[in-house]
Amino acid sequence: MPRTIPRRPLPPSLYADTAPPAPTTTELAGDVTAKIAIIGGGFTGLSTVLHLAEAGVDAVMIEANEIGWGASGRNGGQVNPGLKWEPEELEAGFGPDLGARMVRLGSEAPGLVFDLVERHGIACAPRRGGTIRAAVSPRSAVGVRSYQRQWAARGADVVIAEGAALAKLTGTRAYPLGAHDRRGGQVQPLAYARGLAGAALKAGARIFTGSPALSLARKGGGWRVTTPAGTVTAERVVLATNGYSDDLWPGLRRSVIPVYSSITATAPLPPDIASAIMPNGVVLYEMSSTYAYYRMDEAGRFLMGGRSALRDTSDPHDFAGLVVHAKELFPALDVATWTHCWNGQVAVTWDHLPHVHEPEPGIHIGLGYNGRGVAMATAMGRMLARRATGGGPETLDLPVTSIQPILGHFAWPLAVKSRLKWDRLREVVGLA
């Protein structure tokens, strides 16, 4: 029996207040056909439908709520390179062919984002000042140096910054050293999502919002997706629901952990303060259990992200720890007015790698970006588009795996809290 899924409004956030308007879309009404149907209107689905439309493929995308409603419209806006595994780990674990392709995929993903932004004129405040992976302890400094060494050996523009050089890049002396990866940068993520949708529509794609997929079933040699007011019949289907996956496909929801990430933002800072914090548009994330990450946007606002409540919230009290940490790093923020706070779910996988699944012929699934979804979801969409149009295994730069529900998935909030406490203890005693 078809499920009932109510449409939910776009959650309040700085991005919702400042992004250009979304392109005009409607709910799906009636029965339509397409060569490929895409379920999910985040970066994965949007990149998929855009690349399909540009290739002249008849594609339809449906989204339960609004474009960028999920993590794609709520994340930290950091366009970070690489996967969670380092290049040497990928090459050792997956071999010289696939491992090397996985390394290349992570390396090239940020460039794809900025190329799409430039080519389609997407107004999303792009800045490519690079990404800093910052050490918070002697032990994490070892990992940061290893990261720099491995990428530099493969020709990437990654350098170690420490002391006065790191302070100049960031505006703080809180870190012993960092790896400045110049492939990275930032965008306003909701604006980027809406820009991708607009580009796809111009290229001939059909996009329907407020149209949740209630059921997915075989129809002749293809598939039929049922929504509250219509159906889409297609030869192939791409599932692009990531951290907000439900039970549309058996086991998919339980194959990822929907970890909450939270962000709080200031009003535009006085110019003398704003110019001293991350002055070149660089973004930063800490190698720590709290996994704090932050950036300055184009209007001089400071955005601080990290772990917070494991539930939907916009209560400022739930973000107090992020504000405290921000002021520890940048005491000048003591005068700042914090105007926005919001959170959302990112999909974390058991092995900390993105997952590609093809559980039945004609079904293609990509999800699980482990906090690096701006770049990786965009790259995943291009890859799924190539695969769904008949590309061979060589078009996939990730392994195809079976869907593996995580044992004890129902207890994920307790597991996440326990892991964070354990990681924090390891940092305190110098083991991390």
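Restricting to the range 260-285, what's the tally of residues that are of a type in the set (Val, Ile, Thr) and outside any strand (DSSP E or B)?
The qualifying residues number 3.
Give the residues of the range 284-303 that are at positive phi and touching a residue at least 60 places away in the same chain (Cβ under 8 Å), sorted by residue number.
Passing the criteria: only 291.
Can you name the number of the only condition in (1) part of a strand (DSSP E or B); (2) out of contact with any Leu (no Cβ under 7 Å at 6 or more places or on another chain) that residue 212 fails?
Here residue 212 meets the rest and fails (1).
I need the strands (runs of 3 or more DSSP E) fully contained in the range 67-182, keeping only those with at least 2 residues that are touching a helix residue (DSSP H, G or I) at 6+ places or on another chain (Cβ under 7 Å) and among the hydroxyl-bearing types (Ser, Thr, Tyr). Quick ask: steps written out before the conclusion?
Working: elements: 131-135, 158-162, 177-181.
Because the criterion is at least 2 residues that are touching a helix residue (DSSP H, G or I) at 6+ places or on another chain (Cβ under 7 Å) and among the hydroxyl-bearing types (Ser, Thr, Tyr), no strands (runs of 3 or more DSSP E) in the range 67-182 meet it.
Are there any pairs, at least 6 apart or on different chains, whose C-beta atoms fall under 7 Å, with the first in the range 270-283 and under 20 Å from residue 78 (Cβ atoms) and the second assigned to a loop (DSSP other than H, G, I, E, B) and aromatic (Phe, Trp, Tyr), and if so, which?
277/330
I need the full set of residues from the range 315-350 which are at pLDDT 95 or above and in contact with a Pro (Cβ under 8 Å, 6 or more places away or on another chain), in order please.
Scanning the range 315-350 gives 335, 338, 340, 341, 342.
Please go through the range 13-31 and pick out each residue that is in contact with a Gly (Cβ under 9 Å, 6 or more places away or on another chain) and crowded, with 17+ Cβ neighbours inside 10 Å. Spell out the reasoning first.
Residues of the range 13-31 in contact with a Gly (Cβ under 9 Å, 6 or more places away or on another chain): 13, 15-16, 19-20, 22-23, 25-31.
Matches in the range 13-31: 13, 15, 16, 19, 22, 23, 25, 28.
For the range 159-213, how many residues are farther than 22 Å from residue 141 by Cα and more than 25 Å from the chain's Cα centre (by Cα)?
1
Inspect the range 360-369 for any residue being touching a Leu at 6+ places or on another chain (Cβ under 7 Å) and either among the aromatic types (Phe, Trp, Tyr) or without any contact (Cβ under 8 Å) to a residue 40 or more places away in the chain (or both) and give the result as yes or no.
There is no residue in the range 360-369 that is touching a Leu at 6+ places or on another chain (Cβ under 7 Å) and either among the aromatic types (Phe, Trp, Tyr) or without any contact (Cβ under 8 Å) to a residue 40 or more places away in the chain (or both).
The values are calculated or read from the model by the stated rules, or taken from the named source; none is laboratory data. It should be emphasised that the depicted structure is a prediction, and the values quoted were computed from it without experimental measurement. So basically every Cβ, Gly included, is an ideal-geometry build from the backbone, and we count neighbours across all protein chains shown.
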